[in-house]
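Everything on this sheet refers to the single structure shown next.
The values are calculated or read from the model by the stated rules, or taken from the named source; none is laboratory data. The model shown is predicted, which means the values in this text are computed figures rather than measured ones. Neighbour counts are summed over all protein chains in view; Cβ atoms, including those assigned to glycine, are modelled from backbone coordinates with ideal geometry. SASA here: full protein model, heavy atoms, side chains in, ligands and nucleic acids out. Shrake-Rupley method; radii C 1.70, N 1.55, O 1.52, S 1.80 Å.
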Amino acid sequence: MAEEPGLSDQYPTASPWPLFVALGLALSEIGVFVGLFPVAVFGLILFGGSIAGILTESGYVERPWPTLLGVGVVLIVLAAAFAVWQVPVADIALSNVGTGPLLTRLVAVAAAGTVMIAMGGVASIMEQTAA
Amino acid sequence: MVAGDIVLTGLMAVLLVGVAALLTRVENWRSYTPLAGGGAVTGDEAAVINREKPAGIIRWLTTVDHKDIGLLYGVYAVIAFAVGGIMAMLIRLQLVTPAGAILGNNAYNSILTSHGITMLFLFGTPIIAAFANYFIPLLIGADDMAFPRINAIAFWLLPPAALLIWAGFFLAPVTENMIEPARTAWTMYTPLSVEQANPGVDLMLLGLHLSGVAATMGAINFIATIFTERNEEVNWANLDIFSWTILTQSALILFAFPLLGSAIVMLLLDRNLSTTFFAVEGGGPLLWQHLFWFFGHPEVYILVLPPMGLVSLILPKFSGRKLFGFKFVVYSTLAIGVLSFGVWAHHMFSTGMDPRLRASFMAVSLAIAIPSAVKTFNWITTMWNGRLRLTTPMLFCIGFVSNFIIGGVTGVFLASIPVDLILHDTYYVVGHFHYIVMGAIGFAAFAGIYYWFPIFTGRMYQRTLGKAHFWFSMVGTNITFFAMLALGYLGMPRRYATYEFDGAIAPLTQVSTFHQAATVGAVILFIGQLFFVWNIVQSWLEGPKVEDGDPWNLERDGMLDREFQWFDEQLEAEAPEKDPSLLADGGEEEQDDS
């Protein structure tokens, strides 16, 4: 155990992550379904980040960053798949974001995925170069 | 619109930075040492711990201890019960006069919708989860739930769910009624629920969806816990009755709630993205009713089986006799669980569905009365010639049996197609299911709260107030809901905000009288709940401390279950060390002054 243990190392029956997993899921749902772009992006980032955190804390993975990266990839793949399946190719353009009901939501999901990939990637590299 | 987006972005960014900052403060991410399988505590780790839980509010926000989460569920459910109860009082006050006494039609419909959803999803399911979280691990001798963190996630999904379900009430004043409370009734029938453009409906649906996700996570956890975490002394033959009912309930949740979640997503897509799942040119409006009731009827048993388990557990303790026909109570639980998925269309007899299908649903609906009656006779036979002790939890158990008989028998009549066609959508239905949800489920919840109050709090409740609570509840319940049965026979339709009928439709004088009687009953019921709240709060703070690990004197009859043995061990461990942190549940800081 490290010299300065975190809360959940000090106390075996405490973990800060569940609250934020739940909050992240709630915000993601509101953001995506109601169509609030910023809420969707930030909610998904919080959700993905908390999943990475809770998996690391409980020892299923060693470091959070690959999980964060993975969740980001999954979101982008999902968004892309829905776009190809449901949005006419001619309508897939940056200028159309904010007009169609589906495209804007998919862009929000993809944006959250991109941020997570960036965060996960940068943190991974920083961690490896620092070590 | 752009300005709004910028403000929202700013708010979200601040929230995210705040969360990250908080997490960095409380948690050292580099310190994690891998745990085997992500489980709770391993032996060598426990050795370096000097206190069990962090202090103050952080304890409650970060806890993954099943007992703390049980208490959180309990407090949440009682708050939701108060909200739903106040809504019920508004409904009853409205109906004192035929023209409606206090509310406009829209307000009435909003409150009616929220009352139903609040009581079923925010009170019913969580109060059961409260008992199950606290006591299943203790009853089966487990250290904790199988997945403690998932347990915490399931609870923390509920506060956002409640806020979303009630969102319309908060948002209507600030958005100049752009977002209003949903007025779909709790069944959310299409096409009404698709055509109400109000975004409050979307928020309510999202809240319901979250509560469904929470229930499913909890169910998976209970199944895994009961299957894998039992102590070696606990096998399937001697597993207690409450754990059996929770296991069956969790299986029902596993099959029913994901279906509700999917149906809600389809409804949201119909509302927001122009799909046609429930449109006439698509799946048709009746599809919603099939999907909803395929969830909705098992939901009734999801709500009633664990309370039956509570009664089966508590009633023998105060009868001085073991539960009569234990095996058959278990079998009937399993039978109800299976049959509950074959009765859903009895909610739809009057929709014009195929009569041959109707007949088969009638047969299964009548058949489900048999295992229910098995239980009822077993409870009565357990009390027969027993040494009855009429403590408050026992009174509530007996009240449960009594109300369940009335609620159950009225249900058998409704299962019959010809009777249903006359009584469908009348107050008879409302009276019938309220006998079950308030008279039975509510009563069992009270029985559980009083029975385990010493374990929750380390203190005893005030007996006289407890008994007053019971008698006011019993009398109030029976006046209110019996009057509703009579209103149904008179032809009073349910869900109406006013009832100024033509005399040819229904006898207005009698209808008004029974409505007034129901309101008087509701007031009595409400007063009873004030006794309850006062008793619980005051006793928790100031009640006499329980010194004995067997406050109900169960050892005499050889009925001291594992949870009270655990409680006794806690009291004994606490006595020499005078360390309040050892009695972790209840957060009683004053334990050390005894």
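Here is how the numbers come out for the structure above:
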quantity	calculated
Size of charge dipole - the protein assembly as shown - debye, nearest 20, with Cβ of Lys, Arg +1 and Asp, Glu -1, no other charges	2160
Compactness index (Cα Rg / 2.2 N^0.38 Å), the stretch B:517-568	1.72
Shielded by partner chains, the stretch B:1-19 residues - at least 40 Å² of accessible area, 1.4 Å probe, vs chain alone	B:Leu8, B:Met12, B:Leu16, B:Val19
Dimensionless Rg ratio for chain A, taking C-alpha atoms and the 2.2 N^0.38 Å reference	1.21
Distance (nanometres) between label positions extended 7 Å along Cα→Cβ at B:Ala197 and A:Val122	4.3
Overall form of the protein assembly as shown per C-alpha gyration tensor (a/c, 1.5; a/b vs b/c)	oblate
Where GluC sites (Glu not before Pro) in DSSP loops with at most 15 other Cβ within 10 Å are excluded, longest remaining stretch of chain B	B:282-499
Accessible surface ranking that places the most exposed of A:Thr114, B:Thr498 first, with a 1.4 angstrom probe	A:Thr114, B:Thr498
Pairs of Lys in the protein assembly as shown closer than 28 Å at Cα, counting only those 8 or more apart or on different chains	18
Inter-chain Cβ neighbour average for residues A:107-119, partner chain, 10 Å	0
Of B:Trp288, B:Phe81, B:Phe443, farthest towards positive along the dipole that unit charges on Lys, Arg, Asp, Glu beta carbons give chain B	B:Trp288
Normalised alpha carbon radius of gyration of the stretch B:214-365 [divisor 2.2 N^0.38 Å]	1.28
Burial of 30 Å² or greater, the stretch B:199-219 residues [accessible area, probe 1.4 Å, versus chain by itself]	B:Leu206, B:Leu210
Accessible area (Å², per residue) of the stretch B:131-212, counting only protein heavy atoms and a probe of 1.4 Å	32
The stretch B:218-301 - convex hull of the alpha-carbon atoms, volume per residue in Å³	92
Nearest-20 debye value, chain B charge dipole, Cβ charges on Lys, Arg, Asp, Glu	1620
Between the stretch B:305-383 and the stretch B:158-203, the Cα center-to-center distance that results, in Å	34
Theoretical gain in end-to-end length, B:Leu15 to B:Ile102 [0.36 nm per residue, Cα-Cα removed]	27.3 nm
Residue-averaged beta-carbon neighbours from other chains (10 angstrom radius) around B:269-275	3
For the pair B and A, total buried accessible area rounded to nearest 100 Å², probe 1.4 Å	4500
Given 12 as the ceiling on other Cβ atoms within 10 Å, longest exposed-site-free region of chain B for chymotrypsin sites (Phe, Trp or Tyr not before Pro) in DSSP loops	B:1-235
The protein assembly as shown, accessible surface, carbon-and-sulfur percent (1.4 angstrom probe)	69
FRET E, pair A:Leu78, B:Ala224, Förster distance 25 Å, beta-carbon r, rounded to 0.05	0.35
Shielding score for B:126-133, defined as the mean number of other chain Cβ atoms within 10 Å	0
Within the stretch B:406-532: Cβ-based charge dipole about Cα centre, in debye rounded to nearest 20 (Lys, Arg +1; Asp, Glu -1)	620
Average accessible area per residue (Å²) across the stretch A:16-130 - probe 1.4 Å, nucleic acids and ligands excluded	44
In nm, spacing of pseudo-spin labels at B:Glu572 and B:Ala359 (7 Å Cα→C-beta vector)	6.5
Rounded accessible area per residue of the stretch B:450-492, 1.4 Å, Å²	32
Cα pair distances of chain B binned at 20 Å [whole percent]	19, 54, 26, 2
